[in-house]
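Down below is the structure, laid out as structure tokens.
Only the coordinates and a few stated rules stand behind these numbers; no lab work does. Treat the numbers as computed from the prediction; the structure is a model and nothing was measured. Counting neighbours? That spans all protein chains shown, and the Cβs are built from the backbone with ideal geometry, glycine included.
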Amino acid sequence: MKKGGIKIVEIVLLLIGSFIIAYSVIPRIKNISSVSKDEDMKVFVKRLNEAGAVFWSKSLRDGNNGSIKYYPIKKNLIFPNEIKSYELHINNCGNGMFNIIFEKNIGKKKYLILCKDGNNLMLPKFKLISVEAKK
């Protein structure tokens, strides 16, 4: 007489198959995570440039020659999880050249955000640089 049910061999094979699938999927998930961080940082710098344009026009209107250094630009941004607002130093924007306003290792990469302050003729400009972090 045959009894229904799962045999121990079937359970072992099921567990082995599950481990093999998990082992092959986990590296892909980590790769997706790093791509997501890159995209978050790119979008954030794009938003910085958009906010910089708004505050540049306010600066011109207020007679500050287009400089955005002392405007509350950080209060008008949504920050990615990797960046805290106190880590972004807008007041270090360079006059006529790019200065580093943010620097941090996130995952396997080092991210730098550079800023060149605005003037009467030019908008402020933000740039993102990412390099593989040294171990």
Cα-Cα over 20 Å: which of LYS69/LYS134; LYS46/LYS69; LYS42/LYS84? LYS69/LYS134
Loop-located chymotrypsin sites (Phe, Trp or Tyr not before Pro) in the stretch 53-126 whose Cβ has at most 15 other Cβ within 10 Å (DSSP): TYR70
Just flag the trypsin sites (Lys or Arg not before Pro) in the stretch 73-121 sitting in loop per DSSP whose Cβ has no more than 15 other Cβ atoms within 10 Å. LYS84, LYS108
Can you pull out the GluC sites (Glu not before Pro) in the stretch 48-94 whose DSSP state is coil and whose Cβ has at most 16 other Cβ atoms within 10 Å? GLU82
For the stretch 35-132: rounded, prolate or oblate by the Cα gyration tensor [a/c cutoff 1.5]: prolate
What pairs from LYS75/LYS108; LYS58/LYS110; LYS58/LYS108 go past 31 Å between their alpha carbons? LYS58/LYS110; LYS58/LYS108
